Amino acid sequence: MNRRHLNTALAAVAMAAGLAGTAPALAQQAWPNKPVRIIVPFPAGGSTDLVARYIAQGLSDKLGQQFIVDNRGGAGGNIGTDAVAKAAPDGYTIGLSTSGPLVNNKFLYRTMPFDSDKDLAPIALVCEIPLVIASNPKVPAKTLKEFMQLAKAKPADYTVGQPGNGTIGHLAAEQLAMVTKTKLTTAPYRGDTPMMTDLLGGSLQASSAPITAFIPNLSAGKLNGLAVTSNTRFPG
């Protein structure tokens, strides 16, 4: 089976650097001589989408062809990733994803529409984004410990959103519940954007997701950051 191209985690940056360093070969291959589609298997406005659009603009400027972001969210990233797997292996459809649909989902879903080991060819890992546990300011907790105490006492009153079953945000929330022996209520969303809407509106008490899409609201004080998975504190 032909192997398709899929970026493992914001890998288009590494691809652009490689292309820039092989100009003679590119001239012979005439790539790209038409627009390139970057499939993001998550909805617009989320962390992966934001970085994809930044990268797409840089590639367009550098290579003189359009790199168009195509959002295909759903099923924890499986729908968009499957579109990459089934695309023609001609270099004009690439993917930009997280480890969820590439690694985690095959252990979480009964059946998968693609085999990430056989149907996809990773290009490079170029970015690691920490997760953040964020809460609505109306939640009476300033630390993760305080929030977990509230959730343990009244699990029905405190729901933690996550951007889709099988995502890192989902697994982190479940691991947190297991480690703290808390019956944590989690709610899957189709990406960061709808989850952010409910979190800001107060119908959702907290969330577990990559930090990128949350930075503006955290910096503005519209959300409280309870914990971050990086080695150092988030400067915002």
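Between a first residue in segment 53-65 that is surrounded by fewer than 16 Cβ atoms within 10 Å (Cβ to Cβ) and a second residue that is modelled with pLDDT under 95 and not in a helix (DSSP H, G or I), which pairs have beta carbons less than 6 Å apart while being 6 or more apart in sequence or on different chains?
GLN65/PRO32
Out of the residues in segment 63-104 that are modelled with pLDDT under 90 and of a type in the set (S, T, N, Q), state the one that is farthest from LYS34 (Cα to Cα).
The qualifying residue farthest from LYS34 (Cα to Cα) is ASN104.
Tally time: how many residues in segment 152-166 are over 8 Å from GLN205 (Cβ atoms) and either crowded, with 24+ Cβ neighbours inside 10 Å or not basic (Lys, Arg) (or both)?
So in segment 152-166, the residues over 8 Å from GLN205 (Cβ atoms) come out as 152-156, 161-166.
Filter again for either crowded, with 24+ Cβ neighbours inside 10 Å or not basic (Lys, Arg) (or both), leaving 153, 155-156, 161-166.
The qualifying residues number 9.
Go through segment 189-236 residue by residue and tally those that are β-branched (Val, Ile, Thr) and more than 18 Å from the chain's Cα centre (by Cα). It would help to see each step written out before you state the result.
So the first thing to find is which residues in segment 189-236 are β-branched (Val, Ile, Thr), and the list is 193, 197, 211-212, 215, 228-229, 232.
After this cut, where a residue has to be more than 18 Å from the chain's Cα centre (by Cα) as well, the list is 232.
The number of residues fulfilling the criteria is 1.
Is it the case, given these coordinates, that THR182 is in contact (Cβ under 8 Å) with a residue 12 or more places away in the chain, in a helix (DSSP H, G or I) and not hydrophobic (A, V, I, L, M, F, W, C)? Break it down into steps so the answer makes sense when it comes.
Working: in contact (Cβ under 8 Å) with a residue 12 or more places away in the chain: yes; in a helix (DSSP H, G or I): no; not hydrophobic (A, V, I, L, M, F, W, C): yes.
No; evaluated as a whole, the condition is false for this residue.
Please determine, by comparing only the residues of segment 62-120 that are polar (S, T, N, Q) and closer than 27 Å to ALA30 by Cα, which one is nearest to the chain's Cα centre (by Cα). Before you say what the answer is, go through the steps one by one.
Kept after step one, since they are polar (S, T, N, Q), are these residues of segment 62-120: 65-66, 71, 78, 81, 93, 97-99, 104-105, 111, 116.
Then drop every residue that is not closer than 27 Å to ALA30 by Cα, which leaves 65-66, 71, 81, 93, 97.
Details: GLN65: 25, GLN66: 23, ASN71: 12, THR81: 12, THR93: 19, SER97: 6 Å.
This residue is SER97.
Hey, among ALA177, ALA209, ALA187, which residue is of a type outside the set (S, T, N, Q), in a helix (DSSP H, G or I) and either farther than 23 Å from GLY80 by Cβ or in contact (Cβ under 8 Å) with a residue 24 or more places away in the chain (or both)?
Numbers: ALA209 fails: in a helix (DSSP H, G or I); ALA187 fails: in a helix (DSSP H, G or I).
Testing whether each residue is of a type outside the set (S, T, N, Q), in a helix (DSSP H, G or I) and either farther than 23 Å from GLY80 by Cβ or in contact (Cβ under 8 Å) with a residue 24 or more places away in the chain (or both) leaves just ALA177.
Residues that are under 20 Å from ALA209 (Cβ atoms) and out of contact with any Phe, Trp or Tyr (no Cβ under 8 Å at 6 or more places or on another chain): find the helices (runs of 4 or more DSSP H) completely inside segment 44-163 holding 2 or more of those. Don't jump to the end; show me each part of the working.
Details: elements: 47-63, 78-85, 105-108, 116-119, 144-153.
Once the helices (runs of 4 or more DSSP H) in segment 44-163 are filtered for at least 2 residues that are under 20 Å from ALA209 (Cβ atoms) and out of contact with any Phe, Trp or Tyr (no Cβ under 8 Å at 6 or more places or on another chain), what remains is 47-63, 105-108, 144-153.
The values are calculated or read from the model by the stated rules, or taken from the named source; none is laboratory data. Because the structure is predicted, anything quoted here is derived from the model rather than measured. Neighbour counts run over all protein chains shown; Cβ positions are idealised from the backbone, glycine included.
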